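**Student:** Before I ask anything, let me first share the structure, which is written out below as structure tokens.
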Amino acid sequence: MIEVEAGQRRDDCVAMMCAEVYGHDAGLAPLITYAAAVGALLPNLAARVVALAEGDRLRSVAMLVLEEQGKGLALALLATPRPLRGRGHGRELVERLAASAAMRVTVDEPRREAFFATFGFTRWFDDPAAKGRRVGVNARSQAGSLDQLDSLVEIDEAAIIRTFKNDPVRFDRYKHDFVDGLARFPDYC
């Protein structure tokens, strides 16, 4: 497991994760998350990109967002490149991460809750902010309820949308970087 250092490779990893998590036809959602990550969270050290790697080749990638107090982190994005799926790379990455830090995950499907339960995310809390969404914590987390979790460093998505509307040059730059990152990512696999 490695941390993907700041630079084009890291940003390309974020582009791939956003595209895979949201889908390639998800409208602006992947681009907004990409802009939040590479424009604010990562430069301000509020997030990290880590990967399961074999030599220089990335097998599965995750973005972790830190809690404001720095006691734990949230698995914000996780993706395994399509040609490498079904080989256990994503499972191995989550397993290693869960064994090393107090973590939380947020899911909106029982299938995903069951997936993360296999890695020790055994305490689950209903999120009152969204029907059907649940937050799970692993054994390393001391939280016994949702209220005991520290806030995560967050970005105002509405502000990003306003910026995109008011600054078409910035929008085009993020869009271009996102698309180019997706095109380059296979070089890292």
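The values are calculated or read from the model by the stated rules, or taken from the named source; none is laboratory data. Please read all numbers here as calculations on a predicted model, not as lab measurements. For neighbour counting, all protein chains shown are included, and Cβ atoms are generated from backbone atoms with ideal geometry for every residue, glycine included. With ligands, DNA and RNA removed, areas are computed over all heavy atoms of the protein, side chains included. Shrake-Rupley method; radii C 1.70, N 1.55, O 1.52, S 1.80 Å.
**Student:** Across 10 Å bins from the origin, how do the percents of Cα pairs in segment 1-103 run, short distances first?
**Tutor:** Result, from short to long distances: 16, 49, 32, 3 percent.
**Student:** Tell me which of Val38, Ser145, Ala51 sits at the most positive position along the dipole axis of segment 2-184, charges placed on C-beta atoms (Lys, Arg +1; Asp, Glu -1).
**Tutor:** Ala51
**Student:** Hey, what's the per residue convex hull volume over the C-alpha atoms of the chain, in cubic angstrom?
**Tutor:** Taking the convex hull of the Cα positions in the chain, it is 122 Å³ per residue.
**Student:** So for the chain, averaging the separation of alpha carbon pairs under 8 Å that are six or more residues apart and normalising by length, what relative contact order in percent results?
**Tutor:** It comes to 25 percent, rounded to a whole number.
**Student:** What percent antiparallel are the DSSP beta bridges of the chain, to the nearest 5?
**Tutor:** Close to 95 percent.
**Student:** For Lys175, list the lysines whose Cα falls under 23 Å from its own Cα; do not include residues on the same chain fewer than 8 positions away.
**Tutor:** Lys165
**Student:** What number comes out for accessible area per residue over segment 1-55 if the probe is 1.4 Å? Units Å², please.
**Tutor:** In whole numbers, segment 1-55 has 41 Å² accessible per residue.
**Student:** Using a probe of 1.4 angstrom, how much of the accessible area of segment 2-184 is carbon and sulfur, in percent?
**Tutor:** Carbon plus sulfur share of accessible area: 48 percent.
**Student:** Where in the chain is the longest stretch that carries no GluC sites (Glu not before Pro) classed as loop by DSSP and with at most 11 other Cβ atoms within 10 Å?
**Tutor:** Formally, the longest exposed-site-free interval is 69-189.
**Student:** Which of the trypsin sites (Lys or Arg not before Pro) across segment 90-189 are loop residues per DSSP, with 11 or fewer other Cβ within 10 Å?
**Tutor:** Here the trypsin sites (Lys or Arg not before Pro) that fit, given the DSSP loop and packing criteria, are Lys131.
**Student:** A further question on this structure: Straight distance only, please: which aspartates and glutamates reach the Cα of Lys71 with their own Cα at less than 12 Å, same-chain residues fewer than 8 apart left out?
**Tutor:** Asp150
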